[in-house]
Amino acid sequence: MNQNRIFFLDNLRSAIILLVVVFHAALAYMIYAPEWWYVVDTKRVLAADIFVIWADIFIMPVMFFISGYFGIKSFAKRSQATFWKDKWKRIGFPWIFGAMVLAPHTAYLMLASRDIPMSFWDFYQNLFWGVAYQQSHYWYLGALMALYLLMTIVCIIYPELKEQKTASKPSGRFIFGLGILGAIGVGVVNSICSDGAWIHPLYLLVLQPTRVPLYLIYFALGIYAYRKQWFTQTGYSPCAKFWIPAFILMSIVYTTHKLLTQAIFQLSPADYLVLNATLHSFFCLASVFGLLSLFKVTFDYTTPMWATLSATSYPIYYVHQTIVQEMNWAVRPMDTNAFVKYAIVCVVSLTLCYLIGKFVLLKIPAFGPSKRKSINM
């Protein structure tokens, strides 16, 4: 076993990507599904809303933290040219192909699932490059490329950013400050645009503005964690006895707030904005540290199953949205309840994603194992 490998981060990323699959499958069965969501079913349950509200907050911050941690680690050990050659092969070109070739078909399901008659070609010409433009889940790959570019620029200005420092523990003030900084970022952006809004500046990046501050914070935190040698024998690891209960508590508090606060207390828009931004940020904080501590304590090892999931996690992420939405569409006519439909979609989608990832995509250089035998997104 490679003692230098931080297995629990690989395993956490694999678990989060599996969660992404079942998360996206659930949106079709939400009572209050986003108006633009690809496939909406006639059978809907509140349980889907609760699950989506809960998972939506922390999935991407965890992913950006891991990407920041591995990203600076890779950048510090390689030349800029080698680093960027690898990133374009593994992320940049798959991002462009996915956004330009695969995403339009997924977006077209918005019309098909709502029985709006329009050919795909008419949709592509008249709507996709207008009000319906999006990059499906490939937006994450574009955001990663942008963050790696920002990291490169900062490292050129401050070369010491690539150097690891003496292992040290972050203070409580530092961690609390992350929560406050995130709350300010979410609140300020949310005062300008709604949480559900998406933008696509110059058709390059597709972003949810209210989430950008947290993505920046946790990507930077991943870099900070690498520099401060978190998770090493002498470095810091979040305390599971504190952070796991905090994660559970904030899960209950945040989901309850989203479902009931306005109905019960009828806060003013300004008061609700402040409360929502604060709970959003601190739930995100508790989630990231809680999941890091949980996987550090329980899954800091590898097995053939974990190794396979780690190797196929990126291929699964890449292909999953097309499969999930096609499955949501396929089971839509079934005369059964939402839970049965959702279970079918999840089981079939996870199986197909794994099989396509392992036996098809891993044979493509962009997705196959690198010389370092890891896929660092």
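The values are calculated or read from the model by the stated rules, or taken from the named source; none is laboratory data. Please read these numbers as outputs of a predicted model, since none were measured by experiment. Every residue, glycine among them, receives a Cβ derived from its backbone with ideal geometry; neighbour counts consider all protein chains shown. SASA here: full protein model, heavy atoms, side chains in, ligands and nucleic acids out. Shrake-Rupley method; radii C 1.70, N 1.55, O 1.52, S 1.80 Å.
Below is a table of values for the structure above.
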{"read-out": "Those residues of segment 187-215 which are in contact (Cβ under 8 Å) with a residue 40 or more places away in the chain, open to solvent by less than 40 Å² (accessible area, probe 1.4 Å) and assigned to a loop (DSSP other than H, G, I, E, B), in sequence order", "value": "V206"}
{"read-out": "Matching residues in segment 117-129 - criterion: being open to solvent by 10 Å² or more (accessible area, probe 1.4 Å) and over 25 Å from the mean Cα position of the chain (by Cα)", "value": "P117, M118, S119, F120, W121, D122, Y124, Q125, N126, L127"}
{"read-out": "Boolean, Y133 is surrounded by 14 or more Cβ atoms within 10 Å (Cβ to Cβ) and not in a helix (DSSP H, G or I)", "value": "yes"}
{"read-out": "In segment 1-11, the residues that are buried (at least 22 other Cβ atoms within 10 Å of the Cβ) and of a type outside the set (D, E)", "value": "F8, L9, N11"}
{"read-out": "Residues within segment 151-180 that are without any contact (Cβ under 8 Å) to a residue 60 or more places away in the chain and of a type in the set (A, V, I, L, M), tallied", "value": "4"}
{"read-out": "Those residues of segment 6-55 which are more than 15 Å from the chain's Cα centre (by Cα) and among the basic types (K, R), in sequence order", "value": "K43, R44"}
{"read-out": "Complete set of residues in segment 309-354 that are open to solvent by 60 Å² or more (accessible area, probe 1.4 Å), farther than 16 Å from D41 by Cβ and either hydrophobic (A, V, I, L, M, F, W, C) or not in a helix (DSSP H, G or I) (or both)", "value": "V347, L352"}
{"read-out": "Unmet criterion (only one of (1) touching a residue at least 24 places away in the same chain (Cβ under 8 Å); (2) open to solvent by 40 Å² or more (accessible area, probe 1.4 Å); (3) in a helix (DSSP H, G or I)) for P365", "value": "(3)"}
{"read-out": "Every pair of residues 6+ apart whose Cβ atoms lie under 6 Å, when the first sits in segment 16-43 and is charged (D, E, K, R) while the second is open to solvent by less than 20 Å² (accessible area, probe 1.4 Å)", "value": "D41/A28; D41/Y29; K43/A338"}
{"read-out": "Extreme residue, surrounded by the fewest Cβ atoms within 10 Å (Cβ to Cβ), among residues of segment 13-58 that are under 23 Å from A143 (Cα atoms) and among the aromatic types (F, W, Y)", "value": "W36"}
{"read-out": "Residue in segment 220-239 that is in a helix (DSSP H, G or I), of a type in the set (S, T, N, Q) and either closer than 30 Å to P94 by Cα or open to solvent by 70 Å² or more (accessible area, probe 1.4 Å) (or both) present", "value": "no"}
{"read-out": "Residue match in segment 91-99 (condition: within 17 Å of T152 (Cα to Cα) and touching a residue at least 12 places away in the same chain (Cβ under 8 Å))", "value": "yes"}
{"read-out": "Any hit, segment 162-177, residues being at pLDDT below 95 and assigned to a helix (DSSP H, G or I)", "value": "yes"}
{"read-out": "Matching residues, segment 59-116, being more than 22 Å from W36 (Cα to Cα), β-branched (V, I, T) and open to solvent by less than 30 Å² (accessible area, probe 1.4 Å)", "value": "V62, I66, I72, I91"}
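Yes/no matrix, rows are residues, columns are (1) more than 20 Å from the chain's Cα centre (by Cα); (2) β-branched (V, I, T):
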residue: V186; (1), (2): no, yes
residue: V189; (1), (2): no, yes
residue: F219; (1), (2): no, no
residue: A225; (1), (2): no, no
residue: K228; (1), (2): yes, no
residue: T234; (1), (2): yes, yes
